[in-house]
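Novice: Questions regarding the structure given below will be posed in turn.
The values are calculated or read from the model by the stated rules, or taken from the named source; none is laboratory data. The structure displayed is predicted, hence computed values, not measured ones. Every residue, glycine as well, gets a Cβ built from its backbone with ideal geometry; the counts of neighbours run over all protein chains shown. Please note that ligands, DNA and RNA were not included when accessible areas were found on the heavy atoms of the full protein model with its side chains. Shrake-Rupley method; radii C 1.70, N 1.55, O 1.52, S 1.80 Å.
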Amino acid sequence: MKELQLSDAYAVALGAGILGTGGGGNTYLGRIWLETEFRARNVSCRVIEADEVDDSAVVCAIGTMGAPTVGIEKIPRGDELEKTVRVLESHIGSSFEAIIIGEIGGANALKPLICALQMDLPVVDGDGMGRAFPELQMDSFAIGGLDLSPLALGDCHRNQVVLHSVSGPVQAERYARNLTIEMGGSTALAMPMMTGHELKRTLIRKTLSLAKALGEAVLGAREVGKDPVERIIDLTQGRVLFRGKITDVERRTTRGFSRGTMKLAAFGDPEDHLEIHFQNENLIAYRNGRAVCTVPDLITLVEVENGEPIGTEMLRYGLRVAVIGMPAPVELKTPEALAVVGPEAFGYKNVPFQPLPGNLL
């Protein structure tokens, strides 16, 4: 067993922002919330490996659902995560023995830690995505054949909904998305629940450790005046796709997603440009009209001066950024996974997935 403490919150938040590919929720707000929980309880967060979970134990993944643009405007009450888990426990008549991170990207990597502190439960080192994705069926749990129901949603007004049974992962996404919109565009989500045996079979392992290591590398580079981008690349087998300035952002919040495009011009050469399409998360990067990186590989923007990750909700004209491409975890590159998280799954039927060399983990 390992532990995370108050002093680790900033590093984990930085790393989660890098892995979030622009989505997963605002990590500054998530970090403030996490630090508040650490201070209020004066305890550490226990972190365990998947193999430490008994095969017969029941565990549950935690996160939030909704558009990142809503998440920065609608501050949570504070107990939505725990209350949502509790109502799911009540529904099944059993208590969970550990908390799972639904996605390691953005604030959704921090909220399971908050929930674990509130419930005095350990967190498993790993998640279902190795990054962030916008839809519920886009994780290794659903791809691995786990039933996403029953699932629970809760909002800041103490409204709670349990979906006892749904016909499949895509139907779970549709129902939960519509409920989230009706509940104000942002909800706490408890899903999926699974046994320890199922967890070991479907989890993308050690991504929490990776997030912490990435954050520590960025902070260490800042302290000695090194380029944090190079440290990120070293840890992820990534590469710099582009360095330049954001020249245009088109963004809209629709059907529970933040969708849009951004355009960038290269430093010293305004004719060299990059365009990125996003749906909460960055999906495809086109350099001078040619696709240079596509989902499920990771596309992340960080500020060139300090390596601070930039979420799609914080994009604005004039930001000076490095665009980093990182290879996806191997679990996301199987034919079964690509059918769910590849370019075609997002409507890009004429953009083949050409993986970056290597694997994230």
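Novice: What full-extension length gain, to one decimal in nm, is calculated for N178 and A266 as 0.36 nm per residue of separation minus the Cα-Cα distance? Please list the in-between numbers first.
Specialist: Details: separation 88, 0.36 × 88 = 31.68 nm, distance 3.97 nm.
Using 0.36 nm per residue and subtracting the Cα-Cα distance, I get 27.7 nm.
Novice: Follow-up question, since we're still on this one. How far apart, in nm, are two points set 7 Å out from the Cα along the Cα-to-Cβ line at R252 and at E223?
Specialist: Result for the modelled spin labels: 4.7 nm.
Novice: Ignoring ligands and nucleic acids, what accessible area does R255 show with a 1.4 Å probe (Å², nearest 10)?
Specialist: 140
Novice: Further question on the same structure: Grab the beta carbon distance between D54 and Q354, set R0 = 41 Å, and tell me the FRET efficiency rounded to 0.05. Don't skip to the end; give the middle numbers.
Specialist: Details: r = 41 Å, r/R0 = 1.00.
Computed FRET efficiency for D54 and Q354 comes out at 0.50.
Novice: For region 77-186, with every protein chain kept in place, what is the accessible area per residue (1.4 Å probe, Å²)?
Specialist: 32
Novice: Is the C-alpha gyration tensor of region 165-216 telling us rounded, prolate or oblate? Criteria: a/c under 1.5 is rounded; beyond that, a/b larger than b/c is prolate, otherwise oblate.
Specialist: Here region 165-216 falls in the oblate category.
Novice: Within 10 Å, count the other beta carbons around each residue, average over each peptide in 29-39, 183-193, and list them highest first.
Specialist: Details: 29-39: 18.5, 183-193: 24.3.
With the highest mean Cβ count within 10 Å placed first, the list reads 183-193, 29-39.
Novice: With viscosity set to 1.567 mPa s at 4 °C, what whole-number translational diffusion coefficient in µm²/s follows for region 307-351 from Stokes-Einstein and a Kirkwood radius over Cα pairs?
Specialist: 98
Novice: Now for a separate question. Over all directions, average the projected area of the Cα convex hull of region 5-152 and note it in nm².
Specialist: Convex hull of Cα atoms, orientation-averaged projection: 8.3 nm².
Novice: Quote the charge dipole size of the chain about the Cα centre in Debye, to the nearest 20; the model charges only the Cβ of Lys and Arg (+1) and of Asp and Glu (-1).
Specialist: 720
Novice: Determine the distance separating the Cα centre of region 147-191 from the Cα centre of region 319-361; give it in Å without decimals.
Specialist: 27
Novice: Listed highest first by mean packing, meaning other Cβ atoms within 10 Å per residue, what order do 268-279, 102-113 come in? Don't skip to the end; give the middle numbers.
Specialist: Values: 268-279: 16.6, 102-113: 29.6.
With the highest mean Cβ count within 10 Å placed first, the list reads 102-113, 268-279.
Novice: Moving on to the next point. Suppose accessible area is computed on protein heavy atoms with a 1.4 Å probe; arrange D120, D125 from highest to lowest.
Specialist: Ranked from most to least accessible, the order is D120, D125.
Novice: Quick one: putting +1 on the C-beta of Lys and Arg, -1 on the C-beta of Asp and Glu, what dipole do you get for region 25-105 around its Cα centre, in Debye to the nearest 20?
Specialist: 540
Novice: Once volume of the Cα convex hull per residue in Å³ is worked out from the coordinates, which option in (i) 173; (ii) 120; (iii) 162 does it equal?
Specialist: The value matching this structure is (ii).
Novice: Only loop residues by DSSP count here, and only those with at most 14 other Cβ atoms within 10 Å; note down the chymotrypsin sites (Phe, Trp or Tyr not before Pro) in region 84-183 that meet that. Can you show the working numbers first?
Specialist: Numbers: sites: F96, F141, Y175; in loops: F96.
Of the chymotrypsin sites (Phe, Trp or Tyr not before Pro), not one in the loops of region 84-183 has a Cβ with at most 14 other Cβ atoms within 10 Å.
Novice: For D79 and N159, calculate 0.36 nm times their separation in residues minus their Cα-Cα distance, and state this gained length in nm to one decimal.
Specialist: Residue separation times 0.36 nm, minus the Cα-Cα distance, leaves 27.6 nm.
Novice: What Kirkwood hydrodynamic radius do you get for region 208-361 when you take the inverse of the mean 1/r over all pairs of distinct Cα atoms, in Å?
Specialist: Its Kirkwood hydrodynamic radius stands at 16.0 Å.
Novice: What is the extension gain from R239 to E97, computed as 0.36 nm multiplied by their sequence separation minus the C-alpha to C-alpha distance, in nm to one decimal? Don't skip to the end; give the middle numbers.
Specialist: Working: separation 142, 0.36 × 142 = 51.12 nm, distance 3.88 nm.
Full extension of this stretch gives 47.2 nm more.
Novice: To continue, here is another question. Once you order the gyration tensor axes a ≥ b ≥ c over the Cα atoms, which shape class does region 277-350 get: rounded for a/c under 1.5, otherwise prolate or oblate by comparing a/b with b/c?
Specialist: On the way: a/c = 2.18, a/b = 1.76, b/c = 1.24.
Because a/c hits 1.5 or more and a/b exceeds b/c, region 277-350 counts as prolate.
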